[in-house]
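Working notes, structure below.
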Amino acid sequence: MIRSDTLIPTDSRPGLIFGLAVECQLRTTDAMISPTINVNGTITPAEEARIPVLDRGFLYGDSVYEVFRTYQNVPLFLEDHFERLENSARLIHMRIDQSRDELMSAIRSTARVAGVSAEHPAYVRYQITRGDGQIDLYPEDGLTSRFVVIVKSLPDWKPHLYQHGVDMLVTAVRRNASDALDPNIKGGNYLNNILGLTEARQRGADDCVMLDAGGWVTEAANSNVWFVLNDELVTPASGNLRGLTKKHVHIALKEAGLESAEKDIHVGDLFGATECFVTSATREVMPCASLGLPSGQTLRFAEGGGEWTRLTMKTFSAYIDRYIQAHQADAIV
Ligand SMILES: Cc1ncc(COP(=O)(O)O)c(C=O)c1O
C-alpha cells in the first residue's frame, strides 16, 4: 500500500516535481556533446568510425554491450554495468581481452574528446565484439576481442513521453524463450526486440510489451515493464534482462519504506492493471499512458503516471541525487 503521507499531488507537473532526473531528460536538445567513437583506441567523430566487415559483431551479432548515462560527469551504476558486461560475456563463452581499467581509460578519453561536461549529461555505450575471424559460426580459438565506445548526448525523449506517457501494445511477436537465448545476455543481436517494436509502431503504439510463448509478460523492447496490480507494484520475475534501473528502483523504494515485487505476471492478469511504467538507463522511470491488450481492449492510465508511478519517479530521482554525491570519484572527465 502507498502511505498517504508520501503521495504526490496529482496536479503536480513532472518537470518541476521530479527534480534533476527528469529535468535532465527533458533538456537533452541543448546538449553540446559531439557524437564520438573509439574503436580499439582510435577515436574519431561518429561518422568516421570503422570496423572490419569480418568482425563477428557485424557478421553474427556476436558481441556484448552496456549503456550508462552520466550526471555531473558521474556514471550511473558503473560497477553494476561492468559486472553485467562480464556476465553477458560468460553466458556466450566469450573472453574479454581488455581489462576494466583499459575500458575505463578508453571511455574517459572518448568522453573528453566528445566534450562531456558536468552541464551536459552523456550517453555512453561500450561494446565488446568477439573480434575478426573466418566466416564460420563457431568461434575459433585465438580470437581477440575488439572494443567500441560510443559517446553522445542522451536520447532526446520528447517531454510528451513523461507528461502524458508512452503508448504500449502487447504484441503478437513473442519474446525469445530464455532457454533459447537468455535475456540476460545483453548482446548485439536485438532482432527479437526489433520485431516486437516494429509491430508496435506499425500498429500505432510507441513501444511493445512482449509475452513469452506461455503468455507470461517479459519486458518492453529495451526497458523493463512494471504494473500496479491489486494495489501492488510488480515487475515480471523472469524472461527479461535484469535491468539495472529496475534493480535500483527496487532498492530506492525499499529505502523509502515502500514495497515492490518481482512476480510472474500472465497476460490475463493485465486486465486489472491500474498503472504501468517502464525503466531503463536512458528513460529512467517513464510512465505508460495506455496498454493495448491482445483482446483488443486498451487500458488507459493517468496522464503522466498515477500515484505509484509518480512516487517511484520522485523516489528514484532522490536516490540518484544521493548516488551521484556518493560516487564523485567515478567521474569520467
Ligand atoms: C531488453 C532490455 N530490457 C531491459 C533493459 C533495461 O535495462 P537497464 O535498466 O539496465 O538499462 C534494457 C536496456 O537496454 C534492454 O535492452
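What follows is calculated from the coordinates using simple rules that are stated; it is not laboratory data. Because the structure is a prediction, the values reported are computed rather than measured. Every residue, glycine among them, receives a Cβ derived from its backbone with ideal geometry; neighbour counts consider all protein chains shown.
By what distance, in whole Å, do the Cα atoms of region 32-153 stretch along each of the three principal axes, largest value first?
Between the extreme Cα coordinates on each principal axis of region 32-153 lie 46, 31, 19 Å.
Given labels modelled 7 Å from the Cα in the Cβ direction, how far is it in nm from residue 79 to residue 302?
With each label placed 7 Å out from Cα toward Cβ, I get 3.5 nm.
Determine the gain in length on full extension of the stretch residue 264-residue 293; use 0.36 nm per residue of separation and subtract their C-alpha separation, reporting nm with one decimal. Could the numbers behind the result be given before it?
Details: separation 29, 0.36 × 29 = 10.44 nm, distance 1.73 nm.
Stretched fully, the residue 264-residue 293 segment lengthens by 8.7 nm.
Measure off 7 Å from each Cα along the Cα-to-Cβ vector at residue 105 and residue 182, then give the distance between these two points in nanometres to one decimal.
With each label point 7 Å from Cα toward Cβ, the separation is 3.1 nm.
How big, in percent, is the set of alpha carbon pairs in the chain lying more than 39 Å apart? Walk me through the numbers before you get to the answer.
Working: 6892 of 55278 pairs.
For the chain, the fraction of Cα-Cα distances above 39 Å is 12 percent.
I want to make sure I understand the PRE zone here: with the label point 7 angstrom from the Cα of residue 135 toward its beta carbon, which residues in region 48-77 have backbone N atoms less than 20 Å away?
Of the residues in region 48-77, 51-63 have backbone N under 20 Å from the label point off residue 135.
Greater than 21 Å separation of Cα atoms is the criterion. Which listed pairs, 263/314; 186/246; 246/314; 152/246; 186/254; 152/254, meet it? Show your work: numbers first, answer last.
Working: 263/314 23 Å; 186/246 15 Å; 246/314 15 Å; 152/246 23 Å; 186/254 26 Å; 152/254 33 Å.
Beyond 21 Å between Cα atoms: 263/314; 152/246; 186/254; 152/254.
Give the angle, between 0 and 90 degrees and rounded to the nearest 10, that separates the Cα long axis of helix 307-326 from the longest principal axis of the Cα atoms of the chain.
Once rounded, the angle reads 40 degrees.
What FRET efficiency comes out for residue 40 versus residue 198 if R0 is 45 angstrom and r is the Cβ-Cβ distance? Round to the nearest 0.05.
Working: r = 32 Å, r/R0 = 0.72.
Calculated transfer efficiency: 0.90.
By how many nm would the segment from residue 144 to residue 172 grow when fully extended, if each residue of separation counts as 0.36 nm and the alpha-carbon distance is taken off? It would help to have the intermediate numbers written out before the result.
Numbers: separation 28, 0.36 × 28 = 10.08 nm, distance 3.92 nm.
Extra length available between residue 144 and residue 172 comes to 6.2 nm.
When the Cα centres of region 180-194 and region 102-154 are compared, how far apart do they sit, in Å?
Here the two parts' Cα centres lie 19 Å apart.
Would you mind calculating the gained length between residue 255 and residue 58 on full extension (0.36 nm times residue separation, minus the Cα-Cα distance), in nm to one decimal? All intermediate terms of the calculation are to be shown ahead of the outcome.
Numbers: separation 197, 0.36 × 197 = 70.92 nm, distance 4.25 nm.
Here the answer is 66.7 nm.
Determine, from the Cβ-Cβ distance of residue 156 and residue 118 and an R0 of 22 Å, the FRET efficiency 1/(1 + (r/R0)^6), rounded to the nearest 0.05.
Values: r = 20 Å, r/R0 = 0.89.
Calculated value: 0.65.
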